[in-house]
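K.L.:
The structure follows.
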Amino acid sequence: MSVELDVFVVNTTIMDEEVYQLWLDGYTVNDAVKVRMEGGVLEGCDASAEVLHSDTMDQYRTFQMCERLLHSPVKLANQLLFQIPPHRQTMLIERYYAFDSVFVREVLGKKLSKGTKKDLDDVSAKTGVTLKSCRRQFDNFKRVFKVVEELKGPLVENIRKHFLLSDNLARDYAAIVFFANNRFETGKKKLHYLTFQDFAFCAGQLINNWTVGALGESLRSAFVFSDNMVEDMDVDLEKEFLQDLKELKILITDRDLLDQHKSLVCTALRGKTKAFNEMEANFKNLSRGLVNIAAKLTNTKDVRDFFIDLVEKFIEPCRSDKWTAGDMRLYLTHYTNSAHVLDTFKHQVVWDRYMGVIKSCILKMYHD
Amino acid sequence: MPGKLKAKIVAGRHLPVMDRASDLTDAFVEVKFGNTTFKTDVFPKSLNPQWNSEWFKFEVDDEDLQDEPLQITVLDHDTYSANDAIGKVYIDIDPLLSCEAATVISGWFPIYDTIHGIRGEINVLVKVDLFNDLNRFRQSSCGVKFFCTTSIPRCYRVALVHGFVEELVVNEDPEYQWIDRIRTPRASNEARQRLISLMSGELQRKIGLKVLEMGGNAVVGYLQCFDLEGESGLVVRAIGTACTLDKLSPGTDSKEPVFSEDPPHPLSGPPTPLRTLPSSSPPPFSPSKPCSRQSSSSDTDLSLTPRIGKTSPPSSPSPPLSAPFLIPSQKLTEFPIFTLTCFPPGFLVHVGGVVSTRSVKLLDRIHNPDEPETRDAWWEEIRQEIKSHAKALGCHAVVGYSESTSICEEVCILSASGTAAMLNPRFMREGCLDTGGSDHSCGFVHIPYDEFNMPFPAQLTYCYHCRRQKVPDVLFTTIDLPAEAEVTGKGCLIQARLCRTKKKAQGEVNATSISNLLPFMEYELHTQLMNKLKLRSMNALFGLRIQISVGENMLLGLASATGVYLSALPAPGGIQIAGKTPSDLSYDQHISTMQKRIDDTIAKNKELYNIHPPECIEEVVGSPIPDRQRSSRLFRSTSESSDELSELDLSHGKKDAFVLEIDDTDAVEDIQSLLTDAPIPAGFYSCNTEVMPGIYNWTSGLQMFTSVRVYRLSNANLTNQGLNKIFTDLCENLLKSLYFKLRSMIPCCLCHLNFTVAVPEEELIQVRGHTYLKIELCVFVCFPGSGENEEQLQFSMELFSSSERCSPLPEGRSRSLRSTRSLPCGAPVTVVKMTPLSFLPGTRIVKYLGIINMFFIRETTSLREEGGVSGFLHSFIAEVFAMVRAHVAALGGNALVSYSMKECVFMENPNKNQAQCLINVSGDAVIFIRESDQEAIPPLLSSRQTSSTGADGTT
């Protein structure tokens, strides 16, 4: 005797969140049954492994049928096939689009192409995330990327509207899209210590301050509904701004300005930190590092190396001098502010726009 | 030309990609009714077309309006080749024909294709302008309301019950016509869907005509069935109860509440039971009368009420009794049949017991579809037999009546069952609003038959409630527990399962061997039920449904019922095991351990179901009671014509234990099956009736589900016992599976558990010695709770007795708040509840919108790709639910009550990667409002409400 057919269909779709997670994680039905058994679902129930298997199968089938709808979450709300209460729909979508940080760390900044997808089995082997789950996550990234690529308006908002994601998840996707678009290098060994959340934070900073949309952002805060046309692309850095950054070079090329800047910073820092001597000694190097990064950003190749440059030119020297996070904050604050006092330095606006982002990025990235 | 049908095609969405090159679709729509077809413009290159068509107008006879569905076909325009069909929507416009039901059909319908399933949705508007036609000889019956519900619908008042209506339509099955060899599967499926839709429309119209002739305006308990007889044709038949219903509208508050407050009737007290005694007294339970090959095709007249005079013995009706049954302008029928299972208080006077009949027939090709006489005659014969059984039980009516068939190749078992009862005749007359008669709750259990000439052996005692009338020791019925019945403890689902092998045979030999097996099966099922009932120390069964299905080499019997302890009946005795060879010591020991296990189980069950009847009764009998008894006897002997008092001891039933002789191999099996029934997990309750006896605090959280399982029996040479064990295990496993799935919803009650078994033929599959067993289950889950009003009860449970609640709710709320923010534009899909019950706990039905009766076929030629048989069926059932919900929503409703999946025929051919499935579903579309919303409504409404819910009492 064997079960030939076994289905269980509900009017208002029942879903077990635990099984959903197992499905998302790419477990096969048999493995999922094992995990559930070990998790003790059968305790207190007079049920056999067979029952558990049948239940798992039912749920897996439901998820498979839902998957098509989850690819365009807006459809999930007005489709007729499954009657799912709204809060369940939200859960389904949110979990489907959730990703493993170890996985995303591997593909962050890579081109979301077929080539990358082919390499997913390596990623799977490396991260321990099942290939099935890797594929789902990768396809999610790609899908979101494709949709928002062609859309106008703020990136995070677009993602939220089209995929019905929570704010946080939409922000993370914005970061992924932004990284994929600009192809930032994140895979170098020196960058390994950085987590996805570090990068996502930096991406947020860049999107909010350095893109074309960023201008609109500041305007929008004043006039909420006015301008949808101005902020075209949140995904590309503003060309004009990058051009302007070249002007900052004067801070290191003009000897007087450099000395002046150094003395201002040192005066402000003296006695406030144990690392003062190192700061004083390294000032010129560090300043050159930061300004050179700024000056080179017109070059796409150098944009890709933005993070590696930050680490090599700034974070590593500081770390070897054993700066604390507090030292870092203090230094960057005075470094930024002192430039305003320099009479011959005329690029205050660009400087602030540049340093604002650099400061918060470095502070985020400055950890072990 | 008495009707104008208007349809407007608004828009489509989520259409499939039909043009691979552009990834888009050039869609247009054909709207067809009868022979008239209209087309919309092509909406090019879009998956979400906006047609916004003009109103397409069809001028048609109302006869056609009733028979035909509106057929909407969505197509993809193709310049060079033929246009591809995307899918279809059939809309039954019957609900628009009654002024009290829906006025417009408007909404999104899934576009359905029999090969691909649901492919997008279409927004349609349909209206009907009906001109009054007072032609006496008309063929239409517009305006007659149909209800699947087997009780009086909630917002109506019954003015008059007319009685039984039946009709039957036959046709050739398109699947078996010669043309099927050359047309595509899609065309064949669509022809079949359309034909069945037409046939059920015609059937409904014809029944409606009968109702109009009888002077009624509604059919309650409408039960329509299909018999797919294969080569020999397709039969669509329906039965129902004709009534005259008055709508309770908010304005009519001055009227008396439904079934109460009437001037006391002069003849209060139960009417005299009939004293007709048939010479041969068949057992109440299993009077199966097999007969092979029906040759006499009597000229059955198609008149409304079955003729009685022919068969009833002249002695039967006592004149004073039949008089109240004379319905004006109506043929006399002294044995009315009712498909209702739930009655207004006072309607049932006495209940005799279950009557059932089975008959084995050989199917013959239906030569002339216009003359369905043979099938008619078959059913006529069966109904006559049911009536005579009822008469033998001293009853003049059959309630809770239903009919069913089981077909295997050319053999067909026709079954009918019901409950013999005495009814309060006042309900048969005009203006019969009183509850009348018995003011005590025990009346219906009193025996209707003569205690000295009992039609079957039974232990009679005086009623434990009123102490005046005799009651049997156990009572089996097919109806729901009457609201007035007093119950001790809680009820539970009781099932008897049986498998019997038979030899493969053809034709008459086969029919004869089946006929010979049937009585034994009925007997064994009965014994099993009785044992299980006693094991749970209960004394009555409600909602009994016995299904016998025939397969090529076996017969399956499945009896389900809800057991309860009726306070008015005597406590059941225990089960005694006796061995025939008491000399052997070890044998004795064996018996005594068995006995102990049984006694333990009984004790445990008493605890479980909370059955603690007052034990002191017997002692009291000694002193003060006899006086009262005597006086009551006196009273009775005056009020009733003849009443010789027998000196039955009240405690008699109690002492008597049910004896099982263990030497009997059958008994061993019985005991096995008794003890292998797994106990129901804590927090769960199950029953197959509408409400669970003994539970009164329901929440409005509910969930309906359908489960289908098919098993392959690997060895066809199994013994009866082996098969029985397998069958029992399958049923138990299915239940266990349900308990497991629903574990998060405890406390939870599975109501209206409806098992269906079948042994599907497998001519397609060339695997020998394999038999399939299909179990289908349709269940409705209700969660008992403290009955608070909550908005989102689906997933939050109230703990039963304590006031503490698990609280996922606030969280759920905040989440849903957020989700409304993030949900996209476009109206959210209306939530439509579906339930096999006739009501939704915690809510009030404010309007009935019409009957939903839909038939779907789904076929696939890529079974593996669709996830195998399970994947295929899973998505098909989900699609059927979706289509039903869409239709209910388009009528303006938010629930489907009395839902049932009547047919689910599944065929597969894995070798060819093919499968086909047919599903028939029905129910009543309604609008309900929550009780909490009701507080906002003027008090007069709510006061009316209390009276109308009074009928069911337990909600």
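The values are calculated or read from the model by the stated rules, or taken from the named source; none is laboratory data. What you see is a predicted model; the values in this text were computed from it and never measured. Here the Cβ positions follow ideal geometry from the backbone for every residue, glycine too, while neighbour counts run over all protein chains shown. We work out accessible area using only protein heavy atoms, side chains counted, and drop any ligands, DNA or RNA first. Shrake-Rupley method; radii C 1.70, N 1.55, O 1.52, S 1.80 Å.
K.L.:
Going by amide H atoms built from the backbone, whose H comes under 5 Å of the H on B:Glu167, apart from near neighbours?
P.N.:
Those lying under 5 Å, H to H, from B:Glu167 are B:Ala238.
K.L.:
Just need log10 I(q)/I(0) for region A:238-365 at q = 0.11, 0.13, 0.14 Å⁻¹, Debye formula, equal scatterers on the alpha-carbon atoms, no solvent, rounded to two decimals.
P.N.:
Debye intensities relative to I(0), on a log10 scale: -0.35, -0.49, -0.57.
K.L.:
To the nearest hundred square angstrom, how large is the accessible surface buried between B and A, total for both chains, probe 1.4 angstrom?
P.N.:
That pair of chains buries around 5000 Å² in total.
K.L.:
Over chain A, give the accessible area per residue in Å² for a 1.4 Å probe, as an integer.
P.N.:
Counting only protein heavy atoms, the per-residue value for chain A is 44 Å².
K.L.:
With each pseudo-label sitting 7 Å past Cα toward Cβ, what's the B:Gln50-A:His367 distance in nm, one decimal?
P.N.:
5.0 nm
K.L.:
Then there is this: Going by amide H atoms built from the backbone, whose H comes under 5 Å of the H on A:Thr211, apart from near neighbours?
P.N.:
Residues meeting the amide H criterion: A:Glu238.
K.L.:
Per-residue HN-Hα couplings for region B:703-712, Karplus 6.51 cos²θ - 1.76 cosθ + 1.60 at θ = phi - 60°, whole Hz, x for Gly and Pro?
P.N.:
8, 10, 8, 10, 10, 10, 10, 10, 10, 9
K.L.:
Highest first, please rank the peptides A:134-145, B:487-498 by the mean number of other Cβ atoms sitting within 10 Å of their residues.
P.N.:
Put in order of decreasing packing, that is B:487-498, A:134-145.
K.L.:
Given R₀ = 22 Å, FRET efficiency for A:Thr333-A:Lys274 by Cβ-Cβ distance, to 0.05?
P.N.:
0.85
K.L.:
So for region A:27-156, considering every pair of alpha-carbon atoms, how many percent are separated by more than 19 Å?
P.N.:
Tail fraction, whole percent: 62.
K.L.:
Applying a 10 Å radius around every beta-carbon, put B:375-381, A:39-45 in order of their mean neighbour count, most first.
P.N.:
B:375-381, A:39-45
K.L.:
Now a separate question. Find how many whole Å separate the alpha carbon centroid of region B:14-37 from the alpha carbon centroid of region B:452-524.
P.N.:
What the calculation gives is 55 Å, centre to centre.
K.L.:
Between A:Arg304 and B:Asn35, how high is the FRET efficiency from 1/(1 + (r/R0)^6) when r is the Cβ-Cβ distance and R₀ = 51 Å? Nearest 0.05.
P.N.:
0.15
K.L.:
Can you give the Kirkwood hydrodynamic radius of region B:141-248 from its Cα pairs, in Å with one decimal?
P.N.:
15.0 Å
K.L.:
Moving on to the next point. Enumerate the amide H contacts of A:Glu4 below 5 Å, restricted to partners 5 or more residues apart or on another chain; note that Pro and chain-start residues carry no placed amide H.
P.N.:
B:Val710, B:Tyr711, B:Arg712
K.L.:
Over all alpha-carbon pairs of region B:1-132, lay out the pair-distance distribution in 10 Å bins, whole %, shortest bin first.
P.N.:
13, 44, 29, 12, 2, 0
K.L.:
Binning every alpha carbon pair distance of region A:101-210 at 5 Å from zero, what are the percents per bin?
P.N.:
Binned Cα distances yield the sequence 2, 12, 24, 25, 21, 11, 4, 1.
K.L.:
Mind scanning B:Lys6/B:Lys847; B:Lys504/B:Lys725; A:Lys75/B:Lys39; B:Lys206/B:Lys502; A:Lys126/A:Lys301 and naming the pairs with a C-alpha gap bigger than 31 Å?
P.N.:
Beyond 31 Å between Cα atoms: B:Lys206/B:Lys502.
K.L.:
A further question follows. On average over all directions, what projected area in square nanometres does chain A have, based on the convex hull of its Cα atoms?
P.N.:
23.7 nm²
K.L.:
Give me the one-decimal Kirkwood hydrodynamic radius in Å for region B:38-105, with the sum taken over alpha-carbon pairs.
P.N.:
14.5 Å
K.L.:
For the ranges A:287-298, B:114-125, B:586-597, B:888-899, what's the packing order if you count other beta-carbon atoms within 10 Å of each residue, average per peptide, and put the highest first?
P.N.:
Listed from highest to lowest mean packing, they are B:888-899, B:114-125, A:287-298, B:586-597.
K.L.:
Now for a separate question. Using θ = phi - 60° and the Karplus relation 6.51 cos²θ - 1.76 cosθ + 1.60, list the HN-Hα couplings for region A:152-168 in order, rounded to whole Hz, with x at every Gly or Pro.
P.N.:
8, x, x, 4, 4, 4, 4, 5, 5, 6, 8, 10, 6, 8, 5, 3, 4
K.L.:
Would you mind giving the mean number of other chain beta-carbons within 10 Å of the Cβ of each residue in A:88-97, as a whole number?
P.N.:
So the per-residue partner count for this stretch is 3.
K.L.:
Assuming R0 = 45 Å, can you tell me the calculated FRET efficiency for the pair B:Asp729 and A:Ala98, based on Cβ-Cβ distance, to the nearest 0.05?
P.N.:
According to the calculation, E is roughly 0.65.
K.L.:
Specify whether the C-alpha gyration tensor of region A:17-82 places it in the rounded, prolate or oblate class, a ≥ b ≥ c being the square roots of the eigenvalues: rounded for a/c under 1.5, otherwise prolate if a/b is larger than b/c and oblate if not.
P.N.:
Verdict is prolate for region A:17-82.
K.L.:
Ok, one more. List the lysines whose alpha-carbon lies under 24 Å from that of A:Lys274, not counting same-chain residues fewer than 8 positions away?
P.N.:
Straight-distance partners of A:Lys274: A:Lys262, A:Lys284, A:Lys313, A:Lys322, A:Lys359, A:Lys364.
K.L.:
Over the whole of A:59-69, what's the average partner chain Cβ count within 10 Å per residue? Rounded to a whole number, please.
P.N.:
Neighbouring Cβ atoms belonging to other protein chains average 2 per residue here.
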